[in-house]
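Visitor: Have a look at this one before I ask anything.
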Amino acid sequence: MDSEIVSPIIALELYEYTKLYQKSVSDPEGFWMEIANHFFWKRWPQEVEVVSYNFDVTKGPVCVKWLDGCQTNMSYNVLDLCVNKGLGDRVAYYWESNDDKSHKQITYNELLRDVCKFANVLKGLGIKRGDRVAVYMSVTIELVTVMLACARIGAIHSVIFAGFSAEALADRIIDANCVVLVTSDGAFRANKFIPLKSIADSALNLCQRMKHKVMACIVNPHLNLNRNNVKDVNNNCINDNSGINWNPNVDILWTDVMANACDYCEPEWMEAEDPLFILYTSGSTGKPKGIVHTIGGYLLYSYITFKYVFNYTDGDVFFSTADLGWMAAHTFNVYGALANGCSVVLFEGTPVYPNPGRLWHIIDRLGVNIFYTAPTTIRSLMRFGDQYVKQYSRQSLKVLGTAGEPINPEAWQWFWDVVGDRRCPVVDNYWQTETGGPMITCLPGATPMKPGSATLPFFGVIPAILDSEGRELEGPAVGQLVFKKPAIASRRSDSRFPSKSLRDLRLTSGIVLCTHRWTRCEPSSGTLPTHNRHHRWGCRR
């Protein structure tokens, strides 16, 4: 288990990784300028300060700025730009329902059209640049449409996991100062009904008690449930025990407003440091924190991490089981994938419903090339044995990925041996909601794999390990993981979250603190450079 495994895929040689990494840390301006050239900038000053930051409170306010002074629009770069490159007829999303009975797909052209229409719906409600929109939906194409529509007009979306309670939803709506809520009538997760609209109603009642006004609740008829208190053609109110409550003073039906909306919306040109979204941490390690990510740096980092971590090549199909309410899906299912022109599988269900072969069936049917999931999912699938995997060919797979928690070597080995047939590299990566993308990660072909090790830092990331006294440890060591410089997609401060700003990340001497203990080991073979920053890294809990 401790030996290194060499990937059969050669995408990026180790020496190429080393060269790119060295440039990213020694010449970050030049490195990120090259990445920025892949995108459209409405304003690019002649003299751009690519990065400026201060983590030392004795020298002024804690802050980070990337590409300050530049103007762009996220929605334009991940949709219009792809269409302009001739990818309009490419499938942007395949959607797989919970019960495996419904399947949808939408092209880049169609997604752009729907995004523009919903952006105009929001504008019709008076939503403008800087306003906050809460989203409480299951994994659907409509959820992505809302995210990108907000980005198009400069509104800030806050996607809230559809498994949270009314109290948790209300807390986040109030904390983020959201003025509109977008939800669905309901959803199923396996055979369990999730009454999303009812939960949203309860959350809005709680908001009202706390004197927080939400002007509208837009409801997607995902399950086409009947609406109570809506008058029929005979002017009689419809009431159905299986339906949803309807308040015509607040509730707006998605299909009604989308039917008449204009399908063109001019992008709002935003500053690179303007907020793109607020995403709340799970709260598993304390009170949930509203994490703010901004447009310019996050665009570049989501694009380049998706491209290199998964060795994305034009035409690949990407499938992640991550819920859109979490950071991994924001970066890889939406912004990073679309910035690369990728086709993405959105999965509403659970991995073992209606049977434990569900994921492998999807992979074969859609020709999935990149599969990304959590160690917990891998372990749950292992319990059903190999037969559910091996009844499908999985020949389209090229790369396997895992993140979300440390993976035990046994689960990693099963993923490599059984799911990937020992031919698909397994990329293990470490990141947090705060970082916006992987900080330490394998790269297919470049990094000899080792079960349980996230291996090497990504471009621009300078990790170190501190002891309990805050002293940096050299060579192989166990201690607190820190990052010496801010990553381009790292969280920002926000005036609405003064207690949750970048100040919380400061430790000493301008070092950014991570929340986990890590080990740094010597390479176990001569294939890796022995320079300190190329030691292997692995999370310990």
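The values are calculated or read from the model by the stated rules, or taken from the named source; none is laboratory data. Predicted, not measured: the structure shown is a model, and the values here were computed from it. Reconstructed Cβ throughout: ideal geometry from the backbone, glycine too, with neighbour counts over all protein chains shown. Side chains are part of the model used for accessible areas, which takes the heavy atoms of the whole protein and leaves out ligands, DNA and RNA. Shrake-Rupley method; radii C 1.70, N 1.55, O 1.52, S 1.80 Å.
Visitor: Can you list the residues, at least 5 places off or on another chain, whose amide H is less than 5 Å from the amide H of VAL427, using H built in the peptide plane?
Guide: LEU400, GLY401, THR402
Visitor: To the nearest 10 square angstrom, how much accessible area does GLU29 have with a 1.4 angstrom probe?
Guide: So the heavy atoms of GLU29 present about 80 Å² to solvent.
Visitor: Related question: Distance in nm between label sites at ARG43 and SER393, each 7 Å beyond Cα in the beta-carbon direction?
Guide: 5.4 nm
Visitor: Testing the spin-label approximation: label points 7 Å from Cα along Cα→Cβ at ASP314 and ASP27. State their distance in nm.
Guide: Once both label points are built, they end up 2.7 nm from each other.
Visitor: Each residue of the range 358-365 in turn: what ³J(HN,Hα) in whole Hz from Karplus with 6.51, -1.76, 1.60 and θ = phi - 60°, glycine and Pro shown as x?
Guide: These are the phi-based 3J(HN,Hα) values: 4, 5, 6, 5, 4, 4, 5, 5 Hz.
Visitor: For the range 79-96, what does the Karplus curve 6.51 cos²θ - 1.76 cosθ + 1.60, with θ = phi - 60°, yield as ³J(HN,Hα) per residue in whole Hz, taken in order and with x for Gly and Pro?
Guide: 3J(HN,Hα) across the range 79-96, in whole Hz: 10, 4, 5, 5, 4, 5, 7, x, 9, x, 8, 6, 5, 7, 9, 9, 10, 10.
Visitor: Leaving ligands and nucleic acids out of the surface, order TRP66, TRP41 by accessible area at 1.4 Å, largest first.
Guide: Largest to smallest exposure gives the sequence TRP41, TRP66.
Visitor: On to the next question. Can you give me the relative contact order of the chain as a percent, contacts being Cα pairs under 8 Å and 6 or more apart?
Guide: RCO, the chain: 17 percent.
Visitor: A follow-up question, please. With every protein chain kept in the model, how would you rank TYR353, TYR280, TYR15 by accessible area, 1.4 Å probe, largest at the top?
Guide: Result, largest first: TYR15, TYR353, TYR280.
Visitor: Something else: Using DSSP, restrict attention to beta bridges with both residues in the chain and report what percent are antiparallel, rounded to the nearest 5.
Guide: 55 percent
Visitor: For the range 120-221, just say rounded, prolate or oblate: build the C-alpha gyration tensor, square-root its eigenvalues into a ≥ b ≥ c, call rounded for a/c under 1.5, and beyond that prolate if a/b exceeds b/c, oblate if not.
Guide: It is oblate, given that a/c is not under 1.5 and a/b is not larger than b/c.
Visitor: Shape call for the range 370-415 from the C-alpha gyration tensor, a ≥ b ≥ c root eigenvalues: rounded (a/c under 1.5), prolate (a/b greater than b/c) or oblate?
Guide: Oblate is the answer for the range 370-415, as a/c is 1.5 or above yet b/c matches or exceeds a/b.
Visitor: With every protein chain left in place and a probe of 1.4 Å, what is the accessible surface of LYS450, to the nearest 10 Å²?
Guide: Solvent-accessible area, nearest 10 Å²: 40 Å².
Visitor: By average Cβ neighbour count within 10 Å, what is the ranking of 464-476, 410-422 from highest down?
Guide: 410-422, 464-476
Visitor: Let me ask something else. Among VAL139, VAL368, PHE193, pick out the residue whose Cα is farthest towards the positive end of the charge dipole of the chain, where Lys and Arg carry +1 and Asp and Glu carry -1 on C-beta, about the Cα centre.
Guide: Going by the charge dipole, the pick is PHE193.
Visitor: Considering only protein heavy atoms, what is the solvent-accessible area of LEU14 at a probe of 1.4 Å, reported in Å² to the nearest 10?
Guide: My reading of the accessible area for LEU14 is about 30 Å².
Visitor: Among bridges DSSP assigns within the range 392-498, what percent are antiparallel (round to 5)?
Guide: 75 percent
Visitor: When log10 I(q)/I(0) by the Debye sum over Cα atoms at q = 0.09, 0.13 Å⁻¹ is calculated directly from the model, which label among (i) -0.81, -1.31; (ii) -0.89, -1.21; (iii) -0.65, -1.40 fits?
Guide: Given (i) -0.81, -1.31; (ii) -0.89, -1.21; (iii) -0.65, -1.40, the structure-derived one carries the label (iii).
Visitor: HIS212 to LYS101: extension gain in nm, 0.36 nm per residue of separation minus the Cα-Cα distance?
Guide: 36.0 nm
Visitor: Something else now. Please report the relative contact order for the range 384-465, taking Cα pairs under 8 Å with a sequence separation of at least 6, and give it as a percent rounded to a whole number.
Guide: 26 percent
Visitor: About the Cα centre of the chain, how large is the charge dipole given +1 on each Lys and Arg Cβ and -1 on each Asp and Glu Cβ? Please answer in debye to the nearest 20.
Guide: Roughly 700 debye for the chain.
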